[in-house]
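*Asks:* One structure follows; several queries about it will come next.
The values are calculated or read from the model by the stated rules, or taken from the named source; none is laboratory data. Not measured: the values here are computed from a predicted model. All Cβ positions, even for glycine, are placed from backbone atoms using ideal geometry, and neighbour counts span all protein chains on display. Areas reflect the complete protein model, heavy atoms only, side chains present, ligands, DNA and RNA absent. Shrake-Rupley method; radii C 1.70, N 1.55, O 1.52, S 1.80 Å.
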Amino acid sequence: MKQRFHKMHGLGNDFAIFDAREGAVEMDEARARAIADRRTGVGCDQVIVLEPSQVADVRMRVWNADGGEVESCGNATRCVVLLGASTIETKSGILKGDAGGVDMGAPRFGWEEIPLAYAMDTAAMPVGWEDLREPAAVNVGNPHVVFFVPDAGAVDLARLGPIIERDPLFPERVNVNVASLEGDAIRLHVWERGAGLTAACGTGACATAVVAIARRRIEGPVEVRLPGGSLTIDWAPGGTIRMSGPAVHVFTGELAA
């Protein structure tokens, strides 16, 4: 038996998307990891399964390349909108999208909402890892820490990212964002929880823009420049986050069930 999937990407952050509304799709940690393998599987950062929903057009489930299921994915949300959904149920809530972009909901700043292992100020956390110090933490559907540095490209995120991701301070692990200001834009590199260095991270762009705006270092809408291209993020305190950017359908394939 074969199962159809869509290979899609947003700025190089790529997905294998299965539609369980067309037929049952069994997915667990081992199968997601096998599908995501770039040598022996389809190859992707995340495996997406679309299921029927009682409250939205579709329910989206997300597995990272390491096989772990996570709450949400911004770039995948734009891809699912391209496939025809306008309301998408996720573990972190209902997201809404159209041809102009996606409403990613309101950011959460409470230490228990990130979550952190213990209470602290999430706007400027009194912690650090080598030269990366005093990040902000924000949950935008999944947990992020954001560091602003003089040159995002100069940080050895391949080495520091996994250390920070798995620090005991973050009981559900964390996505690590290193950013620098470039005029009215933001340069961003992301170590994605469960996927590693990525060409782009939609929720990371949202989290970083929110922190920059909250710290009054920049005003929205803001261009966030990632290795794979740019996203536009708009947010005002008290509101929801609007993310705009490309989504690309690469091909449709079949995989043994």
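*Asks:* When residues of the range 143-189 are filtered for being open to solvent by 10 Å² or more (accessible area, probe 1.4 Å) and in contact with a helix residue (DSSP H, G or I) (Cβ under 6 Å, 6 or more places away or on another chain), how many remain?
*Replies:* Adding up the residues that qualify gives 3.
*Asks:* Please enumerate the residues belonging to the range 32-52 that are under 24 Å from Gly245 (Cβ atoms) and either free of Cβ contacts under 8 Å to residues at least 60 places away in the same chain or not β-branched (Val, Ile, Thr) (or both).
*Replies:* Within the range 32-52, Ala36, Arg38, Gly43, Cys44, Asp45, Gln46, Val47, Ile48, Val49, Leu50 meet the criteria.
*Asks:* Moving to a separate point now. Here is a check on your reading of the model: is Cys44 open to solvent by less than 60 Å² (accessible area, probe 1.4 Å), part of a loop (DSSP other than H, G, I, E, B) and not small (Gly, Ala, Ser)?
*Replies:* Yes; evaluated as a whole, the condition is true for this residue.
*Asks:* Would you check if Ala56 is touching a residue at least 12 places away in the same chain (Cβ under 8 Å), outside any strand (DSSP E or B) and either open to solvent by less than 10 Å² (accessible area, probe 1.4 Å) or under 22 Å from Trp235 (Cα atoms) (or both)?
*Replies:* No, not satisfied.
*Asks:* Find all pairs meeting these conditions: Cβ atoms under 8 angstrom apart; at least six residues apart or on different chains; first residue within the range 20-31 and open to solvent by 60 Å² or more (accessible area, probe 1.4 Å); second residue of a type in the set (Asp, Glu).
*Replies:* Arg21/Glu51; Glu29/Glu69
*Asks:* Filter the range 93-112 down to the residues that are touching a strand residue (DSSP E or B) at 6+ places or on another chain (Cβ under 6 Å) and among the charged types (D, E, K, R), then identify the one that is most open to solvent (accessible area, probe 1.4 Å).
*Replies:* Lys96
*Asks:* Shifting gears a bit: Among the residues of the range 113-141, how many are part of a loop (DSSP other than H, G, I, E, B), modelled with pLDDT of 95 or more and either buried (at least 24 other Cβ atoms within 10 Å of the Cβ) or within 18 Å of the chain's Cα centre (by Cα) (or both)?
*Replies:* Within the range 113-141, residues that are part of a loop (DSSP other than H, G, I, E, B), modelled with pLDDT of 95 or more and either buried (at least 24 other Cβ atoms within 10 Å of the Cβ) or within 18 Å of the chain's Cα centre (by Cα) (or both) number 5.
*Asks:* Would you mention how many residues in the range 190-242 are open to solvent by 10 Å² or more (accessible area, probe 1.4 Å) and polar (S, T, N, Q)?
*Replies:* Count: 4.
*Asks:* Just give me the residues in the range 142-153 being within 17 Å of the chain's Cα centre (by Cα) and part of a loop (DSSP other than H, G, I, E, B), in sequence order.
*Replies:* Asn142
*Asks:* Take the range 78-92 and flag every residue that is open to solvent by 30 Å² or more (accessible area, probe 1.4 Å) and either more than 17 Å from the chain's Cα centre (by Cα) or not basic (Lys, Arg) (or both).
*Replies:* Result: Leu82, Leu83, Gly84, Ser86, Thr87, Glu89, Ser92.
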